[in-house]
Amino acid sequence: MPRIAFISVHGCPLAELGTKNAGGMNVYIGQLAQHLGRLGFNVDIFTRIHQADTPVVEEYSENVRIIHIDAGPANVAKEEIFDHLPDFVAKAKEYQAREAVPYDALHTHYWLSGWVGQRLSQDWHIPHVTTFHTLSEIKSRAHIGTDEATSRSVTEGQVAEGADRIIVSTSHERDALKQLYEVSQENVRVVSGGVDLSLFQPGNQQAAKTKLGVGGSQTLLYVGRLDPIKGIEVLIHTVSQITTLRNIEVLIVGGHSSDPEYQRLSEIARELAILDRIDFVGAQNHDLLPTYYQAADICVVPSYYESFGLVALEAMACGTPVVASRVPGLQTIVRDNRSGYIVPWHCPDAFADRLEILLSNDALRECMGSNAREIAMSMSWDRSAQEVANVYSELGVS
């Protein structure tokens, strides 16, 4: 059986989702590894220890293990992880030598992991496949004030130049790599992420609303990290402008009350006199998310940047229409006027217009929800994993 080493320095699939540094990428890595395991690959996910008592090796799923590397303090800020990467490389090499585990390929996730992968692939003499998930230049341009480490763009360029294959989620990201780093298109493959169709599926909306205590309200849902680039303040301002419908409740799933962004968003809602309509429910177990999607009348994704709109796809799999901002990672998933609406501006007026149309028309909402589920059915993790396996096969790994 071929053995793949996933490198995900700061994104452990076991981390609590919805917190500051744990979101869609963590789900992507865990789901892709799990489905590659079902295809007959052995996958070891190398990631930093994120809790002091974490065991070195944890069984994750069939043919998949998580290898925790002790490289720097468990609670170090993401911005400081770069300084600990040489230690991560050394400890990963020590583990591989001690266990005598031969790997056939490396697949790295995010630029920090790409830096590690460059070195390990040379030492282990195996192909290096990388997935950036986000690119610093696009992220910075998408939202003014987004600070990225000065070393990030340089490192991304080096990793992109040296990798044997680059897997991207959209053709936009493929084109951006060419424009920003002059990457040869021959080495880039577009493979969209997927959704767990057995977990995320339609259910009884009223039962879900009752379970969550929102039975008498029209419910708007946001799921994700509390981060300025997610555009949550746009949703809050939007709700304040919807005056024709008063029984609206917004569920914001993700983050903690201790997060600075929680304090900022709460203050915005308080100033707009709608704090009583905004429910910050915090980070939730991934298995509970379908109930939130099923309860929601509409899922709102107002991000300034998404490399792959996993939340939109999860909502669609549950039969919930999506109103999302017009950014590449969402445009490829949400079908405008079919499974929801794509809003071209980060403007509360524009979002309010689309939300009022859907909230006022039950038949339209139901039709779009049905379309959404149909579209999501074609985007399973089985498909994504097989396409990634095909990329490995190009490099002689199968």
Can we say residue 30 is more than 21 Å from the chain's Cα centre (by Cα) and more than 20 Å from residue 121 (Cα to Cα)?
no
Does the stretch 261-278 contain any residue that is surrounded by 20 or more Cβ atoms within 10 Å (Cβ to Cβ), in the same structural domain as residue 365 (by TED's automatic domain parsing) and part of a helix (DSSP H, G or I)?
yes
Is it true that some residue in the stretch 79-92 is in contact with a Phe, Trp or Tyr (Cβ under 8 Å, 6 or more places away or on another chain) and not in a helix (DSSP H, G or I)?
no
For residue 126, which of the numbered conditions (1) modelled with pLDDT of 85 or more; (2) over 18 Å from the mean Cα position of the chain (by Cα); (3) not in a loop (DSSP other than H, G, I, E, B) fails to hold?
(3)
Unmet criterion (only one of (1) surrounded by fewer than 19 Cβ atoms within 10 Å (Cβ to Cβ); (2) part of a loop (DSSP other than H, G, I, E, B)) for residue 133
(1)
Would you pick out the residues in the stretch 215-240 that are within 17 Å of the chain's Cα centre (by Cα), buried (at least 21 other Cβ atoms within 10 Å of the Cβ) and in a helix (DSSP H, G or I)?
230, 232
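Considering only the stretch 241-260, state which residues are more than 21 Å from residue 324 (Cβ to Cβ) and not in a helix (DSSP H, G or I). Spell out the reasoning first.
First pass over the stretch 241-260, keeping only residues more than 21 Å from residue 324 (Cβ to Cβ): 243-244, 246-247, 256-260.
Correct list: 243, 244, 246, 247, 256, 257, 258, 259.
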For residue 367, state whether it is at pLDDT 95 or above and buried (at least 19 other Cβ atoms within 10 Å of the Cβ).
no
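Tell me, yes or no, whether the stretch 174-190 has at least one residue that is in the same structural domain as residue 265 (by TED's automatic domain parsing), under 21 Å from residue 331 (Cα atoms) and either among the hydroxyl-bearing types (Ser, Thr, Tyr) or modelled with pLDDT of 95 or more (or both).
no
Matching residues to (1) part of a strand (DSSP E or B); (2) surrounded by fewer than 21 Cβ atoms within 10 Å (Cβ to Cβ):
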residue: 284; (1), (2): no, yes
residue: 303; (1), (2): no, no
residue: 307; (1), (2): no, no
residue: 320; (1), (2): no, no
residue: 338; (1), (2): no, yes
residue: 342; (1), (2): yes, yes
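The values are calculated or read from the model by the stated rules, or taken from the named source; none is laboratory data. All of these numbers come straight from a predicted model, not from anything done at the bench. Cβ atoms come from the backbone with ideal geometry, glycine included; neighbour counts cover every protein chain shown.
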